[in-house]
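This report concerns only the one structure given below.
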Amino acid sequence: MFGHAPEIPVFPRPLALGLRLGPAEPLGLPLTLIARRLIARHPSLISRLGEHAAARFAIDPTDLPLCLLLHPHPTRTRITVHRTAPEADARIAGPLAALLGLVHGVYDGDALFFSRDLVIEGDTAAALALRNAIDDAELDLGAEIAALAGPFRPALDPLIALAQRTTGVALTRADDARIPGEGLA
Amino acid sequence: MMELVCPAGTPAALRAAVEAGAHAVYCGFADETNARNFPGLNFSRPELAEGVAFAHRHGAKVLVAINTFPQAGRQALWHRAVADAEAAGADAVILADLGLVAHTAEQHPGLRRHLSVQAAAANPDIINFYAEAFGVKRVVLPRVLTVAEITAINREIDAETEVFVFGGLCVMAEGRCSLSSYATGRSPNMNGVCSPPSHVVYAEEGDTLAARLGGFTIQKSARGAPAPYPTLCKGCFVSEGTTGYVFEDPASLDASDLIPALARAGVTALKIEGRQRSRAYVKEVVRSFRAAVEAVAAGRPVPAGQLARLSEGQAATTGAYAKTWR
């Protein structure tokens, strides 16, 4: 494991060890549902993959004792969760916070690669296509999960915000841009 | 104020650039007509039209890079790109190929023409030729000139100049380099992709990360050491018993401190490289440089930047602008 850039939090080791206690596979179902919902709302996630739309991607949070296998599809995307990195066309690995930060537009993928916080193996072109497709989609996983909570959303939003503040992990989209001059007196 | 020309590899990056203060955004179509033809990047025709509308609503311009060299017998792809850029409302096209510049001047006379860095126009004679023969209004200067040379060129030409101030560097004569073509069979200048990712393989070998391009091992980065892009020009090789960067160190250009000098040199626009980068990069770099050009326009010093960690090799250079060549 390479040293991380100081601003990237690493998942607390005791919690990571705790994740070893339960089975990983059941996590696949809710992750699959979230992924299908995201793709339905952002079809460019598939179209930007181009010739790599049928590739299998191993998403490997290196500070967690599990690895996701993503099979993208316009309507039948599937995510399975594994204890060890499964066979895949491309593997994208890094701390969970780095991977979430990439999704939410907090970190730059090339910069994480330069600093060795992000590792790509296998089909480099497929991995690059996925990264660029996700970056363009401007996803907000926190908002998606909160939306799934239905009537409990008002209670969940502040909890997600609190978790983001206390852990330093980007759980929602970085959305602090403004047009220069706008909003100024 | 100097014009800030910013990269957009995706519609999201275009919006990020505009919202961060870009005066102009440059982008390209998702095919071989532009020099950043990477997987998952670039614009469809509808996306370009939407991007142009968004930029114009916020007072920014969109420049469409059609800056590869048309392949014999396939010119229609490049001709269609120029026509579609005009139809989408682009403010200018950025061209490299002499024939495509001539075609655009003849068939799309109302479409503003910029000369790409890929054309490698580095002296007053060639720049004046493009301006006089084809009405080229702006030339993106190759990254091989000193500030003094840019000053001298600007005194002798009748066109605007645009120079790179941040991002990845090509160390070869741009538009002429064949290193990547040699290793992969795919040309940056004709297929639009240097070190195509389809030919790049990374492998962790013990304590090192090996990068291979077309089967050639071109870099081995030690544990914890910064990794560069997998380009041959930044490759680390053994030559005459010495291991090192034979062509150029893997460092990115950062000429922010030279903005006042470039303004005095008569430069019209400052360009940020990085259409292959994320919207996070675009937002951060554009904000930083917008603050810098505003400061220079107001006669204030350039604010200290914090962009080194976004740079290749996590190191910055002022490139040829103030370079002593080996």
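The values are calculated or read from the model by the stated rules, or taken from the named source; none is laboratory data. Predicted model, so just to flag it, every value in this text is computed and none were measured. Reconstructed Cβ throughout: ideal geometry from the backbone, glycine too, with neighbour counts over all protein chains shown.
Details
- Counting the residues of segment B:92-130 that are part of a loop (DSSP other than H, G, I, E, B) and in contact with a Phe, Trp or Tyr (Cβ under 8 Å, 6 or more places away or on another chain) gives 3.
- Yes/no for B:GLY299 being at pLDDT below 90, in the same structural domain as B:ILE153 (by TED's automatic domain parsing) and surrounded by fewer than 21 Cβ atoms within 10 Å (Cβ to Cβ): no
- Subset of segment A:106-137 (residues that are modelled with pLDDT of 95 or more and assigned to a loop (DSSP other than H, G, I, E, B)): A:ASP123
- With respect to (1) at pLDDT below 95; (2) closer than 28 Å to B:ASP249 by Cα, the lone exception for A:ALA98 is condition (1).
- Taken over segment B:191-213, residues that are surrounded by 20 or more Cβ atoms within 10 Å (Cβ to Cβ), more than 10 Å from chain A (Cβ to nearest Cβ) and small (Gly, Ala, Ser) amount to 1.
- Positions within segment B:254-283 being in a loop (DSSP other than H, G, I, E, B) and within 14 Å of chain A (Cβ to nearest Cβ), in sequence order: B:GLU273, B:GLY274, B:ARG275, B:GLN276, B:ARG277, B:SER278
- The set of residues in segment B:1-38 that are closer than 22 Å to B:ALA298 by Cα and not small (Gly, Ala, Ser) comprises B:MET1, B:MET2, B:GLU3, B:LEU4, B:VAL5, B:CYS6, B:VAL18, B:GLU19, B:HIS23.
- Members of segment A:131-153 found to be facing chain B (nearest Cβ under 7 Å), among the aliphatic types (A, V, I, L, M) and surrounded by fewer than 24 Cβ atoms within 10 Å (Cβ to Cβ), listed by number: none
- Some residue of segment A:141-152 being in a loop (DSSP other than H, G, I, E, B) and under 19 Å from B:ARG277 (Cα atoms): no
- Segment B:173-190, subset buried (at least 20 other Cβ atoms within 10 Å of the Cβ) and under 19 Å from the mean Cα position of the chain (by Cα), residue farthest from the other protein chains (Cβ to nearest Cβ): B:GLY175
Rundown of residues vs (1) modelled with pLDDT of 95 or more; (2) closer than 16 Å to B:LEU262 by Cβ; (3) in contact with a helix residue (DSSP H, G or I) (Cβ under 8 Å, 6 or more places away or on another chain), yes/no style:
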| site | (1), (2), (3) |
| --- | --- |
| B:LYS137 | yes, no, yes |
| B:VAL140 | yes, yes, yes |
| B:PHE164 | yes, yes, yes |
| B:GLY168 | no, no, yes |
| B:VAL171 | no, no, yes |
| B:LEU179 | no, no, yes |
| B:ARG186 | no, no, yes |
